[in-house]
Amino acid sequence: MMSESKYLPIYKHKAKLIQAVKDSTFLVVTGETGSGKTTQLPQYLHEAGISKDGTIGVTQPRRVAAITVAQRVAQEMKCTLGREVGYQVRFDDCTSQDTVVKYMTDGCLLREILADPFLSKYSVVILDEVHERSLNTDILLGLLKKVFSDPAKSTRGRSFPLKVVVMSATLETDKLSAFLSDCPVFQIPGRTYPVTCTFGSAVGPKDIESTGYIKEVVKIAFDVHTSEMAGDVLVFLTGQSEIERACDLLYEKAESIDYRYDVQDQTVDGLLILPLYGSMPTDQQRQIFQPPPPRIRKCVVATNIAATSLTIDGIKYIVDSGFVKQLNHNSRVGMDILEVVPISKSEAQQRAGRAGRTSAGKCFRIYNKEFWEKSMPEYTVPEIQRTSLTAVILTLKCLGVHDVIRFPYLDCPEERFILEALKQLYQFDAIDRTGRVTHLGELMVEFPLQPGLTRALLKAASLDCQDLLLPVAAMLSVENIFIRPGHPDKQKEADKKHRALASRTGSMNDFATLLSVFHACKSSDRPSGWCKDNWIHWRALKSAFSVETQLREILLRLQQKSDFPVETFDGNKSELLRRCLCTGYFTNVARRSVGKVFCTMDGHGSMVHIHPSSALFDQEDELNWVVFHDVLVTSRVYIRTVCPIRYEWVKDLLPKLHEVDVYELSNVAREEVTDDEMKQWESREAAKRQSEVSKEDVMKKLER
Ligand code: CDP
Ligand code: MG
């Protein structure tokens, strides 16, 4: 494997690269996907002795990439994973004292900066996959620029200056270099082969809402198998359930082939179908990289993860669905929602490029030319410009960055997103009216959870009933625990079991169901068998157990401090869980309006329905007020994981949704305010006074 790495394009530039890293604080490295940046550069730096000064840290936007790349590099360096080479992702730390090359998610490094702003244990920090423009990577870029472009700060707490390397697959290198004080750019010349792209005819601009593209993808992938010469296939779809379905369909079709007559290339004798998505077990992921047996064609059906983060050798054909699952802020419901959207043109080119690494390749796009022209944007919008910033803004504030509007962003988020985040933080009592972090905010930032859930957990802890919330928080942090079989009969059986689990709690409440499943499984003699009997994902529950332990550890550490808040509760004990949930979920309150339709109370007034997976589905008549965990948008807006509450419990909290003055919150800590800004601020103030909703008005409206 070591010798194999000599054939990677990066190898010829080893000495120059090491020198370039040594020579400057910031360095941008670009090169085609697959040239060896991620797996080789950290090893080169280690060999050159740089790790003697501290760990070499490499960030990845995706957790799967961090894990699989660390596995690969550990193999190449002939060491056990977790020793010299390790990885850290949320809730899974596989590093040790000996770790010199550490792969981690960008979120993990952001958390480390909270504890150690100068990153004193690192000699080099490599931000990888920067072209993906993930929210956390963008923030890290700004923070590293802020701290380390100042020589006085860059050596603080260390005897040598930290080196920052930014790696990207060719895009936007001038912009990156300009952002990082005009730092040098190291280009690894790639060798790529031509890829012929063809458009399909089945999917056009009007098919954006339909899921018919899955069948089309399967059809084309199968055509490739039967009519193209030997060579592996990579199929791009958007998520787990869709990928599993496509694999099933492909498998069925592949079964029916007579290889003597149906397949053009007589050297091909079989099809090996492999799914690849983020929450897949890692031992299964490893299979993806292995060459198929002789005479067998490998067909990997993947999410966007295979576009740049992971390179699979031997791919000659691409089947591109043209869609991706993306987290977007949905202004209709005022929340971040995972949506299936058309990819950008640059993304489509990146996908096609995967076929031309070792020889000429072909890319089959299932969509037509009109879809390309009308439905696909030129570039993907950076995450920072399309999602909620709440957790990130709290982190920045805890790092002492008060003026979050003028933070050095590579691309500024929309101001309304910053204001929205400040508003939420204020509503959860994480910052005060002057925009400063509160004691509660300092506690909240310690939890790698969304702020509402953390708020509910801290409320429970202050009432000494954390045992009610910890399992719930853990269960909401892992993938869906309920199995949904494809076959209709099995689906009925699973539904029945899930209903039974829900009714065990005695109170129709999806959060309580999660709690009850957690305990029932944990106390069972045969937990995996118990899961199988009840159509529950054992793997997901195992992760939930581990997450619960980790959250408990964080909480215990905080509770040992003398100023941890303590409150008393003199209500009905059986209401405790729901009362705590209200503290964190009052931003997600809905009230039944007519029939089965609910209306949210956050000012958006969206019309929502209870999702069929909820225990409260079809019980709507008995409900009045509910809180919910999240929202799913299809043709309707559904709320999922729902809990009935009483109006009295949120009565005092709801006005908080309307009273807050976001401009006041955002204008604090601006030392120098220019005249222009002052004028803008004054005109906003005036506009705001006009549209102001008084507290009384809101209360009256609610009580009606
Ligand atoms: O980062 P970059 O895209 O430039 O390349 P890389 O990820 O370092 O990949 C270099 C080589 O290692 C490719 O040929 C990959 O197929 C291979 N690799 C692998 O076989 N298994 C992994 N888990 C990761 C990379
Ligand atoms: Mg890479």
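Miscellaneous remarks
- Using Cβ point charges alone (K and R +1, D and E -1), the dipole size of the chain about the Cα centre works out to roughly 1080 debye.
- Region 589-652: Rg to Rh, with Rh as the Kirkwood radius over Cα pairs: 0.92
- Against the rule of thumb 2.2 N^0.38 Å, how large the Cα Rg of region 195-378 comes out: 1.01
- Cα gyration tensor shape for region 381-441, rounded if a/c is under 1.5, else prolate or oblate: prolate
- Each listed q (0.14, 0.22 Å⁻¹) maps to a log10 I(q)/I(0) for region 96-145 from the Debye sum over equal C-alpha point scatterers, namely -0.35, -0.85.
- P(r) weight above 22 Å for region 137-224, C-alpha pairs, percent: 58 percent
- Assuming charge only on the beta carbon of Lys and Arg (+1) and of Asp and Glu (-1), the dipole of region 211-291 about its Cα centre is about 180 debye to the nearest 20.
- Within the shell defined by Cβ-Cβ distances under 14 Å, the residues around Pro281 carry a net charge of 0, with Lys and Arg each +1 and Asp and Glu each -1.
- Dipole of the chain computed with +1 at Lys/Arg Cβ and -1 at Asp/Glu Cβ about the Cα centre; of Thr155, Phe364, Val662, farthest Cα towards the positive end is Phe364.
- Cα centroid separation - region 9-82 against region 198-225, whole Å: 38 Å
- Top positive-direction residue, dipole computed over the chain with Cβ charges, set Ala500, Leu271, Gly441: Leu271
- For the chain, the C-alpha radius of gyration divided by 2.2 N^0.38 Å, with N the number of residues, is 1.00.
- Overall dimensions of region 1-67, expressed as equivalent-ellipsoid semi-axes from the Cα gyration tensor (√(5λ), whole Å, largest first), are 18, 16, 13.
- Coordinate range along principal axes, alpha carbons of region 533-602, Å, largest first: 47, 40, 25
- Hydrodynamic radius by Kirkwood, which averages 1/r over all alpha carbon pairs of region 4-187, in angstrom: 16.1 Å
- Coordinate range along principal axes, alpha carbons of region 405-496, Å, largest first: 57, 40, 18
- Whole-percent P(r), region 463-586, all Cα pairs, 5 Å bins from 0: 2, 10, 18, 21, 19, 14, 8, 5, 2, 1, 0, 0.
- In the chain, taking the dipole from charged Cβ atoms about the Cα centre, the farthest positive-side position among Leu458, Gly107, Tyr122 is held by Tyr122.
- Loop sites here are GluC sites (Glu not before Pro) outside DSSP states H, G, I, E and B with no more than 10 other Cβ atoms within 10 Å. The longest part of the chain free of them is 1-208.
- Nearest-20 debye value, region 466-568 charge dipole, Cβ charges on Lys, Arg, Asp, Glu: 380 debye
No value in this document is a laboratory result; all are computed from the given coordinates. Since the model is a prediction, treat every value here as computed from it, not as a measurement. Neighbour counts are summed over all protein chains in view; Cβ atoms, including those assigned to glycine, are modelled from backbone coordinates with ideal geometry.
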